[in-house]
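*Asks:* Below you'll find the structure I mean.
Computed from the coordinates by the stated procedures, all read-outs in this text should not be read as laboratory data. Everything numeric in this text was worked out from a predicted model, so none of it was measured. No Cβ is skipped: glycine too gets one built from the backbone with ideal geometry, and neighbour counts run over all protein chains shown.
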Amino acid sequence: MIAYIPLAAALAACVAVLLPAVSRRADRFATRLGLLAFGDAVVGDPERRRRQRDRLRAAHVAGTHREYASKTLLYAGVLGVAGSVIGVYAVGGLLSMLSVGEATLRGLLPEPLSFLAGIARLTELGLSQLFLLLAFASATVGSALAAGAYYGRWELLRQRAHTRSTAIDATLPRTVAFMYALSRSGMAFPRVMDTVAENEAVYGEAATELSIAVRDMNAFGTDALTALQRTARRTPSEDLGDFAENLASVLGTGQPISAFLSDQYDRYQEEAESKQEQYLELLSTFAEAYVTALVAGPLFFITILVVIGLVLQDTLPLLRVVVYLGLPLATFGFVVYVDSVAQGVGGTETVSDGDETADGDAALGRTTTAQADGGEPVRGPDAADGERDAAGPADPWTASRERLRVYDRLRRVREWVASPLSSVLAEPHTVVFVSVPLALVGFLAAVLPVASGTPVEVVDQFDTAFVVATAAALGSYAAVYEVSKRRVRRREAAVPDFLDRLASVNEAGTSVVGGIRRVADSNLEALTADVQRTRRDIDWGADAATALRRLKRRVRSPMVSRAVTLVSNAMYASGDIGPVLRIAADEARATWSLRRERRQVMLTYLVVIYISFFVFLGIIAALSVSFIPAVESAAVPGSGTSASGGLPGGQSGIVDGLGDIDAFAYEQLFFHAAAVQAVCSGLVAGQLGEGSVRDGVKHVVVLLALTLAAFAVIGFV
């Protein structure tokens with residue numbers, strides 16, 4: 001055991017390098033140790049330091065360049081030493097395995113690979129040669145780990161910067177529309193920037209990047225021109241860099257901000273259409289590549305291996321590697337690549353409601369006012385806390401406030417108990433906490449007790465039950481997710497009409513509150529009930545901004561969130577928000593139109609993926625029903641096609657090489673291959689067709705059901 005202490009220490013060092021990613025205390029310790037060891041070594045080259053610092057800023061990484069560079073050298077050094085030790089033990093393990101001898105190893109290897117048996121001669125090396133081998137292995141593994149850690153950490157920054165760049169480009173048009181609408185409402189430019197920074201959760205990475213300029217202006221007293229120019233130099237997005245530079249120029253020359261933002265808004269609306277076309281062409285290319293490389297390719301490869309395995313020699317191990325490992329990993333890599341490439345020009349949107357409290361008001365705790373409808377200010381939670389602190393322990397309302405605080409903490413539990421269906425539809429992922437245990441119980445009830453036998457026989461007892469349980473668990477999630485998504489989609493379809501009607505009554509001289517009351521009486525389809533509830537909130541004393549925020553919280557839609565955020569902030573600048581509502585309606589209508597066009601175009605490629613799976617399933621079923629039984633009968637002596645009498649003149653042909661064929665093992669592998677392909681094709685169909693893997697769960701359920709039905713027809717399940 002003592003001989004393995006260095007190896008254990010090397011592996012522990014490798015694990016310790018990963019701890020700072022999950023532990024703040026470990027990260028602080030690594031930072032201090034890195035600064036102590038390498039803090040002075042990373043400040044030598046000004047040009048390199050500038051490039052690396054720009055990369056850090058583009059990736060939006062907290063901390064200084066000195067800290068990050070020092071930790072990078074520390075990790076590289078630790079992994080380099082650990083890799084050197086691991087390399088020595090790796091050579092020792094290799095020599096131990098080769099002690100069987102060259103002749104034995106040559107007998108174990110297939111004839112085409114028999115030349116590899118010569119590696120067993122490594123055990124005959126002399127002391128000096130063995131020392132050189134160990135030194136070479138130690139230096140190679142250590143250098144590889146050290147270089148990988150050093151360049152990997154800097155490359156990770158480049159990838160993060162690229163990801164942020166695509167996210168910024170995707171959210172910049174709606175952020176510019178937000179700024180344009182606020183400026184049209186009469187809001188001063190500094191307040192426009194502050195409002196953008198306050199709504200990062202709604203407007204995404206573009207708002208996050210601009211919030212850095214807001215921080216420079218508010219915290220450090222930097223003027224707007226300098227802050228925007230710094231943002232232009234720091235941001236990884238070329239589009240945002242150009243926008244910030246042009247905005248700084250407009251501010252410097254004193255031109256109207258609204259006119260500039262209007263031009264930018266129109267420009268981004270036009271670019272959105274061209275990017276949509278590029279995105280659809282990209283998705284069509286991905287769909288064709290998937291069908292060719294990951295459906296037709298594996299099918300061709302599996303067919304060839306089956307023929308070779310049945311006629312020449314066993315290929316079941318290689319087939320299992322392809323089915324159980326190669327196909328899932330290749331599909332996973334494809335999905336990740338599609339998501340990373342298409343992120344900047346399309347994809348799904350998410351809305352964060354983390355900026356809202358339990359009652360739907362802003363979590364900032366600021367006092368809300370009813371100035372939109374002329375009411376009296378309504379005290380927020382900070383006012384109550386201030387009164388409690390001023391009153392001291394003798395405050396008679398302290399106990400009541402504590403009870404209310406507990407009541408609010410239990411609010412989610414009460415909502416689940418009062419309306420479990422609505423709660424599940426609001427958070428579809430919660431259904432897995434019920435469906436997965438039920439599916440597991442059903443699976444265990446179907447397969448227990450497990451009888452003994454060969455591995456193939458044991459697997460046969462539970463593979464069908466496992467596929468059925470998986471389809472049931474995924475089906476429950478897909479049903480809830482699809483219902484929830486369709487509800488949100490129907491509501492989003494009514495948002496442009498809602499904003500247009502609200503703008504019309506506001507332009508006619510009606511206040512925002514009066515406009516909401518009038519619009520609530522009209523037919524807004526799926527959004528009617530929510531707008532009527534917003535009117536009831538106002539009737540019961542809530543101000544318009546609070547009622548709209550509660551509408552956002554109920555609907556949980558990115559489109560509604562952006563519209564409500566825009567209207568709520570514009571109300572504080574002016575009562576005449578008709579132009580703002582028109583801008584919000586145009587932005588919502590353009591977003592909805594582009595999304596609908598994408599669904600229509602990608603429906604064709606969704607059908608292509610389904611057809612390709614049907615071809616895959618048909619050929620697999622044909623191999624199971626026709627080819628394997630025919631080859632199996634040809635391999636049985638006396639079956640009419642034996643080796644001695646199968647061909648004229650006593651010639652046996654290829655059937656002479658047929659031995660015992662485990663036909664059931666091949667049929668079982670075909671069933672597994674079809675099930676794995678069903679999961680992979682379904683997820684890819686969701687990713688390409690609707691922009692999210694979650695949308696592919698329903699396709700997985702459908703394809704798994706078709707797989708079970710097909711193999712039930714041929715009598716396998």
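*Asks:* What net charge is computed for the residues neighbouring GLY686, neighbours being all others with C-beta under 9 Å from the C-beta of GLY686, Lys and Arg scored +1, Asp and Glu -1?
*Replies:* Taking every Cβ under 9 Å from that of GLY686, the sum is 0.
*Asks:* Apply 1/(1 + (r/R0)^6) to the Cβ-Cβ distance of ALA41 and GLN269, taking R0 = 41 Å, and write down the FRET efficiency to the nearest 0.05.
*Replies:* Approximately 0.20, to the nearest 0.05.
*Asks:* In whole angstrom, how far apart do the alpha carbon centroids of the range 516-584 and the range 254-295 sit?
*Replies:* Value for the Cα centre distance between the two parts: 29 Å.
*Asks:* Take PHE466 and LEU438, extend 7 Å from each Cα along the Cα→Cβ direction, and tell me the distance between the two endpoints in nm.
*Replies:* It is 2.3 nm.
*Asks:* Can you figure out the FRET efficiency of THR226 with ILE2, using R₀ = 45 Å and their beta-carbon distance, to the nearest 0.05?
*Replies:* Efficiency for this residue pair is about 0.10.
*Asks:* Listed highest first by mean packing, meaning other Cβ atoms within 10 Å per residue, what order do 433-440, 477-484 come in?
*Replies:* Answer by packing, highest mean first, reads 477-484, 433-440.
*Asks:* Still on this structure: Which ³J(HN,Hα) values, rounded to whole Hz and listed in residue order, are derived for the range 444-449 from phi using the Karplus coefficients 6.51, -1.76 and 1.60 in 6.51 cos²θ - 1.76 cosθ + 1.60 with θ = phi - 60°, glycine and proline given as x?
*Replies:* 5, 5, 7, 9, 8, x
*Asks:* Determine, from the Cβ-Cβ distance of GLN159 and VAL15 and an R0 of 25 Å, the FRET efficiency 1/(1 + (r/R0)^6), rounded to the nearest 0.05.
*Replies:* According to the calculation, E is roughly 0.60.
*Asks:* To the nearest Å, what is the center-to-center distance of the range 603-632 and the range 437-493, using C-alpha atoms only?
*Replies:* So the two Cα centres are separated by 23 Å.
*Asks:* Once you sort the root eigenvalues of the Cα gyration tensor of the range 172-274 as a ≥ b ≥ c, which label holds: rounded (a/c under 1.5), prolate (a/b larger than b/c) or oblate (the other case)?
*Replies:* Numbers: a/c = 1.32, a/b = 1.23, b/c = 1.08.
Rounded is the answer for the range 172-274, as its axis ratio a/c remains below 1.5.
*Asks:* Could I have the simple spin-label model distance between ARG53 and ALA705, label points 7 Å from Cα toward Cβ, reported in nm to one decimal?
*Replies:* Spacing of the two 7 Å Cα→Cβ label points: 6.1 nm.
*Asks:* For LYS552, go through the lysines and keep the ones whose alpha-carbon is under 18 Å away, minus same-chain ones fewer than eight residues off.
*Replies:* Within the straight-line cut-off, LYS552 pairs with LYS485.
*Asks:* Given N residues in the range 205-336, what is Rg(Cα) / (2.2 N^0.38 Å)?
*Replies:* Numbers: Rg = 26.6 Å, N = 132, 2.2 N^0.38 = 14.1 Å.
This ratio for the range 205-336 stands at 1.89.
*Asks:* Can you compute 3J(HN,Hα) from phi for each residue in the range 60-71, using the Karplus curve 6.51 cos²θ - 1.76 cosθ + 1.60 with θ = phi - 60°, rounded to whole Hz and x for Gly and Pro?
*Replies:* 6, 9, 6, x, 8, 4, 4, 5, 5, 5, 5, 5
*Asks:* What residues have an amide H closer than 5 Å to that of SER692, excluding those fewer than 5 places away on the same chain, when H is modeled at 1.01 Å from N in the peptide plane?
*Replies:* The answer is GLN687.
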